[in-house]
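The values are calculated or read from the model by the stated rules, or taken from the named source; none is laboratory data. It should be emphasised that the depicted structure is a prediction, and the values quoted were computed from it without experimental measurement. Cβ placement follows ideal geometry from the backbone for every residue including glycine, while neighbour counts extend to all protein chains displayed.
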Amino acid sequence: MAHFNAMKAAAAYTFRASPVVTRKGSTQVKTCSDATAGATQAASATQGADDFRTLFTAGSNPPVAVTATATAPAPNVAPTAQSLFGPNPWMTNPGGVAPNGVTYNYNPYYFATADTAAKVAQMVGGTVVQENAITPYGPFQQNQPNYMVQLPSGRLINAGLFASFYDHGYTQDFVNRLVTSELNDTSA
């Protein structure tokens, strides 16, 4: 790296018009012809700016009229879980107890209220059944049972998960596909 020498720099300004450092330790001196070339480049840059400015002046292309287009219809949003099942479709603070006595919480979506389960059963033509679906046996215990809906085919679906289809802002078409998939699933 070149070291700055104040005396050498002062001498350069005294004797030369404008030194330009090009490589370590070497100095290039601009001559009058270099200065003229620089002025010519500056003038052409100004002309380019003038040309660019003409794009935005009144003499440029006139504005094009824009016609309003019809807006797309709002998506067919499904009702909310609260509008279908009431203000509290799921139990608050569902939980369980571990073998060592430690308590823990479950996701409320797995725990519909009795009213929500009754509404789901009405919607799908099933009957409400209570069961410990998450911990049916073993040392872990649920504090609340899951409200399930038994379909006419005999399959059980979780009423809370069914109600959660309406809690994500999906379109009605998508909710219909989720419901159809849930009701027709034969893998369980």
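Determine whether segment 104-113 contains at least one residue that is modelled with pLDDT of 95 or more and among the hydrophobic types (A, V, I, L, M, F, W, C). Please lay out each step first, then the result.
Residues of segment 104-113 that are modelled with pLDDT of 95 or more, as a first pass: 104-113.
Now drop any that are not among the hydrophobic types (A, V, I, L, M, F, W, C), which leaves 111-112.
Checked segment 104-113: at least one residue is modelled with pLDDT of 95 or more and among the hydrophobic types (A, V, I, L, M, F, W, C).
Give me the residue from segment 88-102 that is exposed (fewer than 10 other Cβ atoms within 10 Å of the Cβ) and among the β-branched types (V, I, T) and, out of that set, farthest from the chain's Cα centre (by Cα).
The first filter runs over segment 88-102 and keeps only residues exposed (fewer than 10 other Cβ atoms within 10 Å of the Cβ), leaving 92, 99-102.
If we keep only those that are among the β-branched types (V, I, T) too, we end up with 92, 102.
Values: T92: 28, V102: 36 Å.
If we take residues in segment 88-102 being exposed (fewer than 10 other Cβ atoms within 10 Å of the Cβ) and among the β-branched types (V, I, T), then V102 is farthest from the chain's Cα centre (by Cα).
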Inspect segment 155-174 for any residue being more than 26 Å from V77 (Cβ to Cβ) and free of Cβ contacts under 8 Å to residues at least 24 places away in the same chain and give the result as yes or no. no
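Being under 32 Å from the mean Cα position of the chain (by Cα) and closer than 30 Å to N76 by Cβ narrows it down to one residue among P152, P108; which is it?
Working: P152 fails: under 32 Å from the mean Cα position of the chain (by Cα).
So the residue among P152, P108 that is under 32 Å from the mean Cα position of the chain (by Cα) and closer than 30 Å to N76 by Cβ is P108.
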